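Report on one structure; see the data block that follows.
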Amino acid sequence: MRIGLVLLIAFLSFSMGAQQPLITFGAAHPARISVGAPTQVHASDGTYDKFVLIRWEAPEKATRYRVFRATSPAGASLKELTTTWQNSTWFCDYSAEKGRDYYYAVMASDGQQSSPLSTFDKGFLRKDEKVAFDETLTAVEQERYAAPKIVFALVEQVSTRDLAYRPGDTALLEINLRNVFDEPTLRTELRIYLSTDAVWHFTDPILLSKTYSSLPAYARAELKEKCLLPASLLPGEYYLIVVATPEGDILNAKTGSLKIRLVD
């Protein structure tokens with residue numbers, strides 16, 4: 001009798017256990033998101049007549065990005081503009097049409113997990129001066145005048161042969177700058193900072209500072225720079241952040257980053 005009772009309990013336990021799903025979905029076991037969404041997404045408001053320039057700030061741990069475009073701030077008709085993950089924190093939308101407003105959002109990744117989509121920001125091409133505007137519409141009135149045009153060099157790519165260094169080593173970087181504008185850039189100041197994450201902070205130690213003359217319209221520049229890594233660094237992961245600023249205008253700086261590893 002006792003043996004039969006034990007077998008019955010075992011059978012019931014097995015049957016109840018078999019009803020439980022092997023994989024659960026929903027909020028009970030949410031996936032851990034290691035990368036936050038990009039912040040300060042800004043799409044140009046009529047600044048340029050050939051493209052909309054989208055820029056954003058990199059979240060911690062992010063190394064690559066995808067750019068999306070919608071026809072409303074709610075994300076209607078969402079379309080991806082990038083064909084693959086890209087390293088730079090900017091993108092030019094050459095497919096935008098004049099007279100239409102677009103809403104842009106960006107997704108980040110650390111190479112393993114992707115972030116949620118950022119908030120949307122509206123952008124549009126420079127509008128035809130001959131188009132009639134309704135002076136009674138405040139929102140339209142504010143968009144009559146495009147934002148002042150700023151021509152500057154953008155950091156397109158940062159790379160290095162070796163991703164592992166020792167404290168006190170010299171890192172040789174290859175930095176690609178690009179002028180997407182139809183006129184030469186201003187004098188560009190290039191700075192390289194060391195950070196513990198992919199986000200550039202004013203308090204990050206600076207490793208190198210150089211100034212370059214103007215970059216011709218639509219030109220690319222491939223720079224090779226050396227920077228000495230502090231001998232006092234502890235082993236671990238760090239980021240070399242490249243900041244290009246037009247005429248030292250820090251507010252319009254855009255960055256590129258490269259993750260390296262320091263070993264004993």
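Any read-out appearing in this document is the output of simple, stated calculations on the displayed coordinates, not a laboratory observation. These figures come from a predicted structure and were not determined experimentally. Counting neighbours? That spans all protein chains shown, and the Cβs are built from the backbone with ideal geometry, glycine included.
Data for the structure
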| item | result |
| --- | --- |
| Packing-based ranking, highest mean first, of 173-181, 89-97, 209-217 given that Cβ atoms within 10 Å are counted | 173-181, 89-97, 209-217 |
| Exposure proxy order (Cβ contacts within 10 Å, fewest to most) of Leu234, Leu190 | Leu234, Leu190 |
| Given Lys149/Lys226; Lys149/Lys259; Lys122/Lys149; Lys224/Lys259; Lys50/Lys79, the pairs whose alpha carbons are separated by over 26 Å | Lys149/Lys226; Lys149/Lys259 |
